[in-house]
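Undergrad: I have a structure I would like to understand better, so I am pasting it below and will then ask my questions one at a time.
The values are calculated or read from the model by the stated rules, or taken from the named source; none is laboratory data. Small disclaimer: the values here were computed from a predicted structure and weren't measured. All Cβ positions, glycine included, derive from the backbone under ideal geometry; neighbour counts span all protein chains shown.
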Amino acid sequence: MSEAGVRSIMLFGVLVATRALLVYRCNIPIERFQEVVDRPDIDIWTEGARETIDVAVQSSDAVAQYSCDYVRTEYEERKLLARSAKQKDFYEAFPSYDEIMNKIKQFAEHPTVEMGSVGRSIEGRDIPFVKLGAPGGNKTAVWLNGGQHAREWISSPTVLYLVEQLIQSDFLEHFDIYATPMQNPDGYEYSRTPGNRFWRKNRRDNGDGTFGVDLNRNWDDHWAETGSSSNTGSNTYHGTAPFSEPETRLTSEFVLQIPNLYGAIDFHSYGQLLLRNWGWTRAPSRNEQVLKELGQQFVDAMRTHDGTNYQNIRGAELYPAAGATDDWVTNATNAVAFTLELRNTSSFQIPASEILESGKEVWLGVQRFLQFLKENPDIPPNQE
Ligand code: 0X9
Ligand code: ZN
């Protein structure tokens, strides 16, 4: 059987056709990075180490001209969609969009929790928000964003776990928490259908036979510059204009009306990386020292759960990418902003048994983050 061919395997007695993806770990010289970004036949996953990037391709020809090591074959598996009958807990399996909405409705039964919609996605799904606010005014606000990239399934349940912990916590005496745990519902649901496990973008019909805009290249900050593509078929296609997509425009409008926003974290996977400003340029930001210090405390706290190691680096040290949430929220609101690339270091296909582990370790980091913001209320704006 050919490496990239169509294969049929038996799963639960059902014949399912799956397409194999080949995953390579590549050393791409910086001057050739944009060329890779623009190629629709190369899907950049992320880095396992800082010197290399992981890419997925359907044929080894796609990476023949680069320096790459074959890592593995990735199968798109239908069985991940089947939920165990004996499942007791929400965090024991990857939830559907509807299950996420039901979980948020449960949170909203609590008197200090409000839920709503920032608006509708391209396919008409509500993009939910949750607001946690204890009585008393003049609080500092923090925004948690999840599920922007469809295939990064660990993101939304991790954000929901954080919300659940925060509902019970004393931090609400000092902070109002705003969360948008499912920013790309159409892409997420699509990635749950057979054969589409590695879908990243939203579900925009680009009108030329291709679908999807990379939402994390569509924010109005250095839009369409480095690390994003004007090629509609690319997985980093930036869209036709800044905020051309409802999923980014509506979420940004929601964020801009948050009073006293001071902290923001955008949750992605994979790579175990805490990314600080800037993402669009390798130049250090003016708050480099304080963000590095806060970042170190954040990753050190996460490590205390079970030793899982996160790297504390600048976004552009992963690869420069403009038009992303983190740089936009920094410049538009002055929030202290990070992107957190969650578990693991090798695949989006993380076992559901790691959802709770991810939630627990990230909760330790987020508590440190909030404590730092509380103790340092005057971190200056990091605007360019
Ligand atoms: O490329 C991205 O959008 C993020 N990595 S992912 O593997 N989840 O796709 C990283 C974004 C980091 N921030 C900026 N470059 N601004
Ligand atoms: Zn992502």
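Undergrad: Kindly indicate whether residue 151 is touching a Phe, Trp or Tyr at 6+ places or on another chain (Cβ under 8 Å), within 16 Å of ligand 1 (Cβ to nearest atom), on the phi < 0 side of the Ramachandran plot and touching a residue at least 60 places away in the same chain (Cβ under 8 Å).
TA: Spelling it out, residue 151 is indeed touching a Phe, Trp or Tyr at 6+ places or on another chain (Cβ under 8 Å), within 16 Å of ligand 1 (Cβ to nearest atom), on the phi < 0 side of the Ramachandran plot and touching a residue at least 60 places away in the same chain (Cβ under 8 Å).
Undergrad: Then there is this: Could you list, in sequence order, all residues of segment 319-350 that are over 11 Å from residue 219 (Cα atoms), more than 14 Å from ligand 2 (Cβ to nearest atom), in contact with a Gly (Cβ under 7 Å, 6 or more places away or on another chain) and in a loop (DSSP other than H, G, I, E, B)?
TA: Answer for segment 319-350, where residues must be over 11 Å from residue 219 (Cα atoms), more than 14 Å from ligand 2 (Cβ to nearest atom), in contact with a Gly (Cβ under 7 Å, 6 or more places away or on another chain) and in a loop (DSSP other than H, G, I, E, B): 320, 335, 345, 346.
Undergrad: Right, here's the next one. Filter segment 22-48 down to residues that are in contact (Cβ under 8 Å) with a residue 60 or more places away in the chain and in a loop (DSSP other than H, G, I, E, B) and give me whichever is nearest to residue 233 (Cα to Cα).
TA: 40
Undergrad: While we're here: Let me spell it out: the conditions are (1) in contact (Cβ under 8 Å) with a residue 60 or more places away in the chain; (2) within 16 Å of ligand 2 (Cβ to nearest atom); (3) not in a loop (DSSP other than H, G, I, E, B), and residue 183 meets all of them except one. Which number is the exception?
TA: All conditions pass for residue 183, except number (3).
Undergrad: Hey, another quick one. Scan the helices (runs of 4 or more DSSP H) fully inside segment 225-318 and keep the ones with 1 or more residues being within 11 Å of ligand 1 (Cβ to nearest atom) and in contact (Cβ under 8 Å) with a residue 24 or more places away in the chain.
TA: 315-318
Undergrad: Identify the single condition in (1) touching a Phe, Trp or Tyr at 6+ places or on another chain (Cβ under 9 Å); (2) at pLDDT 95 or above that residue 354 does not satisfy, given that it satisfies every other one.
TA: (1)
Undergrad: Can I ask one more? Give the number of residues within segment 201-224 that are closer than 23 Å to residue 329 by Cα and more than 11 Å from ligand 1 (Cβ to nearest atom).
TA: Here the count works out to 6.
Undergrad: Right, something else. Give segment 274-296 a look and list any residue that's under 12 Å from residue 365 (Cα atoms) and surrounded by 16 or more Cβ atoms within 10 Å (Cβ to Cβ), or say none.
TA: 274, 294, 295
Undergrad: What number of residues within segment 147-171 satisfy the criterion of being among the charged types (D, E, K, R) and either within 16 Å of ligand 2 (Cβ to nearest atom) or under 9 Å from the mean Cα position of the chain (by Cα) (or both)?
TA: Residues flagged as among the charged types (D, E, K, R) and either within 16 Å of ligand 2 (Cβ to nearest atom) or under 9 Å from the mean Cα position of the chain (by Cα) (or both) within segment 147-171 amount to 2.
Undergrad: Taking residue 167 as the residue in question, decide whether it is among the β-branched types (Val, Ile, Thr), surrounded by fewer than 23 Cβ atoms within 10 Å (Cβ to Cβ) and at pLDDT 95 or above.
TA: yes
Undergrad: Turning to a different aspect of this structure: With the structure loaded, tell me whether residue 364 is in contact (Cβ under 8 Å) with a residue 40 or more places away in the chain, outside any strand (DSSP E or B), away from ligand 1 (no atom under 15 Å from the Cβ) and not charged (D, E, K, R) or whether it fails that test.
TA: The answer is yes for residue 364.
Undergrad: Given (1) under 14 Å from the mean Cα position of the chain (by Cα); (2) closer than 13 Å to residue 140 by Cα, identify the lone condition not met by residue 338.
TA: Checking residue 338 against (1) under 14 Å from the mean Cα position of the chain (by Cα); (2) closer than 13 Å to residue 140 by Cα, the one that fails is (2).
The rows are residues; the columns are (1) at pLDDT 50 or above; (2) closer than 30 Å to residue 319 by Cα.
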| position | (1), (2) |
| --- | --- |
| 3 | no, yes |
| 8 | no, no |
| 12 | no, no |
| 23 | yes, yes |
| 29 | yes, yes |
| 33 | yes, yes |
| 39 | yes, yes |
| 45 | yes, yes |
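Undergrad: Across segment 201-224, what is the total count of residues that are surrounded by fewer than 23 Cβ atoms within 10 Å (Cβ to Cβ), in contact with a strand residue (DSSP E or B) (Cβ under 9 Å, 6 or more places away or on another chain) and assigned to a loop (DSSP other than H, G, I, E, B)?
TA: Total satisfying the criteria: 3.
Undergrad: In segment 319-328, what residues are within 7 Å of ligand 1 (Cβ to nearest atom) and either in contact with a strand residue (DSSP E or B) (Cβ under 6 Å, 6 or more places away or on another chain) or over 15 Å from residue 44 (Cβ atoms) (or both)?
TA: 326, 327
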